[in-house]
Amino acid sequence: MHDLLIRGGTLIDGTGAAAREADVAVTGSTITAVGQGLGAARREIDARGLLVTPGFVDIHTHYDGQATWDPFLTPSSYHGVTTVVFGNCGVGFAPVRKPDVPFLINLMEGVEDIPGTVLSEGVAFDWESFPEYLDRLDAAPKVMDVGAQVPHAALRFYVMGSRGADHAEVPTDAEVARMGTLLEEALRAGALGFTTSRTVKHRARDGRATPSLSAREPELFGLAQAMRRAGRGVIEVNSDFGEGEFHILRAAAEVAGRPLSVLLLQVNNAPELWRDTRDHIHAARAAGLDVTGQVGSRPIGVMMGLETTVHPFSTHPAWTALEALTPAERFERLVREPELRRRLVEERPDDEHTRMMASALSRTYEVTPDYDYEPDPATSLAARGAAAGTSGWAVALEAMMKDNGKRLLSFNFENYFAGSLDVVRELLADEATVMGLADGGAHVCTICDAGAPTFLLTHWGRDRKRGPGLPLEFLVKKQTRDTARAYGMADRGTLEPGMRADLNVIDYSRLGVHRHEVVYDLPAGGKRLMQRARGYRHTFVAGVETLRDDHHTGALPGRLLR
């Protein structure tokens, strides 16, 4: 007798095959049969009229610290995600010596917008080596499977000391060898890869560039040789892709003999650069290399409201004078003081943030209850202000004051240069790309894209109004089998006998994302953006139900992937 039988669902199995009606049987943590007439089970679920998919695999998150204090790894676990990989973009928390913890916190706070107070309070740092960090993750209770990668910045600082914080410093041959030894040790202990950042966008809280920004070929190749010796691991890179950059990364992957995965998105300062990078990826694949581009499913939007990290008036002296007040008290002042509102809108400071926002308002939108994540530029705050004979600033303040001061704005600063998602669709449809920009656990009060798997299925499979969507079978495969295979996870990502019993039962007619909200549930009372989902009737991890009707069951069957 099976332990679980899901009967009569519309099966989208992750292989890309056409949807079909079938039953899925599970025994223990394994799918044992798929088809019809599978017999009896201790528990049966009637899935008629529902979708049955593999659990979603999210390979680009930043739960490095959160995984040690939050067993539910929210928001990702609300969105059908059953496996996450973190340690991306060259930042993380091992290896580390106790005196160096503040540096790693400072770097993570700057690069991934996770408050230092939250990390200081929430992360015990009761490890030094990367294998010890893996043991700590292994022991922590968790709702889903997790995998960790070795971050270049932590490795560099551990070996080079304070010199390692300066990207212009060149390590000695002995230091490169030591980094390689530690990387090989971490990979053999179970790390899933090595990650590095080569983008000027990544800066520590104190303004310093990320330590790996300009790491030279001898350093990169020395680390690549360590990966070849270990015979495992993925190289993950976030880069600006300047002249000759891809060739350096390709050469490192050739030295390592390991897969290379690079972030691939449209940036406003070079809106066609992604095409060049994609061409390089295709050329590398044609030459037999395992190279993928990690792409997103929606605009990368900075969420702005009266309680978020930034908003159009966050540097205005009239606003900063209210910092000591609670959010409710600040909102009350705005409501009862028209002069305060006038000053915010009309007496703007001449500073970098305000100048940036002046141009950003043409790409900023009010997140209404029926918000479409592919908004028409004619509905931007600037356009609305011009049409009403006022200003985008006035529209922004009025919008943020709605819902008792809780309404948010979205500044679509990347992946939306031309005011549509046509480029994102082209990226999604490319066979050389995998899903990889959700950033769960990062940018906690500026960006919250961990709901990307839900958005992928709904916007692109059902709801898109401004152009064609994509087949649902293709989208599921993109977030399951393809992401799993990108990291060598051959035991998950499809609904087939012998595969791990990670799966979702989805009411597709109801599936969707809720609006973002600001919550105060981080260590030290820290705030973050949260986006929940609706429509997940059941989520199973290793055959154990973790989500029922969009709420956690309390079960924690997750494990560390090694």
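The values are calculated or read from the model by the stated rules, or taken from the named source; none is laboratory data. Just so it is clear, the model here is predicted, and its values are computed rather than measured. Here the Cβ is made from the backbone with ideal geometry for all residues, glycine too, and neighbour counts use every protein chain on show. Note: accessible area is taken over every heavy atom of the protein model, side chains too, but ligands, DNA and RNA are not part of it. Shrake-Rupley method; radii C 1.70, N 1.55, O 1.52, S 1.80 Å.
Take ARG500 and tell me if it is within 30 Å of GLY92 (Cβ to Cβ), basic (Lys, Arg), in contact (Cβ under 8 Å) with a residue 60 or more places away in the chain and open to solvent by less than 50 Å² (accessible area, probe 1.4 Å).
Working: within 30 Å of GLY92 (Cβ to Cβ): yes; basic (Lys, Arg): yes; in contact (Cβ under 8 Å) with a residue 60 or more places away in the chain: yes; open to solvent by less than 50 Å² (accessible area, probe 1.4 Å): yes.
The answer is yes for ARG500.
Return the residue satisfying two criteria in turn: it lies in region 2-23 and is in a loop (DSSP other than H, G, I, E, B) and at positive phi, and of such residues it is surrounded by the most Cβ atoms within 10 Å (Cβ to Cβ). Before you say what the answer is, go through the steps one by one.
Here is the first cut: in region 2-23, the residues in a loop (DSSP other than H, G, I, E, B) are 12-19.
If we keep only those that are at positive phi too, we end up with 14, 16.
Numbers: GLY14: 27, GLY16: 16.
Going through the qualifying residues, I end up with GLY14.
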Residue in region 154-193 that is farthest from LEU220 (Cα to Cα), counting only those that are part of a helix (DSSP H, G or I) and of a type in the set (D, E, K, R): ARG188
Index of the failed condition, ARG285 passing every other in (1) out of contact with any Leu (no Cβ under 8 Å at 6 or more places or on another chain); (2) of a type in the set (Lys, Arg); (3) assigned to a loop (DSSP other than H, G, I, E, B): (3)
Condition met for ALA270 (on the phi < 0 side of the Ramachandran plot and open to solvent by 30 Å² or more (accessible area, probe 1.4 Å)): yes
Single condition LEU475 does not satisfy, out of (1) under 21 Å from ASP370 (Cβ atoms); (2) buried (at least 21 other Cβ atoms within 10 Å of the Cβ): (1)
Scope region 406-463; condition aromatic (Phe, Trp, Tyr) and at pLDDT 95 or above; matching residues: PHE411, TYR416, PHE417, PHE455, TRP460
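Just checking: which of the strands (runs of 3 or more DSSP E) contained wholly in region 358-464 hold 2 or more residues that are out of contact with any strand residue (DSSP E or B) (no Cβ under 8 Å at 6 or more places or on another chain) and buried (at least 20 other Cβ atoms within 10 Å of the Cβ)? Before you say what the answer is, go through the steps one by one.
Numbers: elements: 364-366, 409-414, 433-435.
By residue number, no strands (runs of 3 or more DSSP E) qualify.
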